[in-house]
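Coordinate-derived values only; no laboratory data. Keep in mind that what you see is a predicted model, and the values were worked out from it rather than measured. Heads up, the Cβs are rebuilt from the backbone with ideal geometry, glycines too, and the neighbour counts pull from every protein chain shown.
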């Protein structure tokens with residue numbers, strides 16, 4: 001049985017590392033977004049039962065020659081699939 005879970009989205013203008021789920025009881029697929037949307041979104045679908053941790057990081061997009069904030073956004077969520 002495949003149960004869709006709400007879409008996980010990173011809503012800041014920046015680049016992200018593709019999220020990883022451990023263990024792999026959920027599938028993560030990138031959502032198609034309009035060019036220049038300013039964020040990335042991932043569809044999370046349960047493929048098994050148990051507890052999974054999804055982790056990712058992100059950082060700002062810095063145009064060459066401009067002052068840019070230096071930070072990293074850490075994302076971690078725990079999903080329980082009954």
note = In nm, the gap between the two label points placed 7 Å beyond Cα toward Cβ at residue 59 and residue 31 is 2.6 nm
message = Using the alpha carbons of the stretch 28-82, what is the convex hull volume per residue in cubic angstrom, as a whole number?
response = 86 Å³
ask   = Listing 80, 44, 73, 67 from the residue with the fewest other Cβ atoms within 10 Å to the one with the most, what is the order?
value = 67, 80, 73, 44
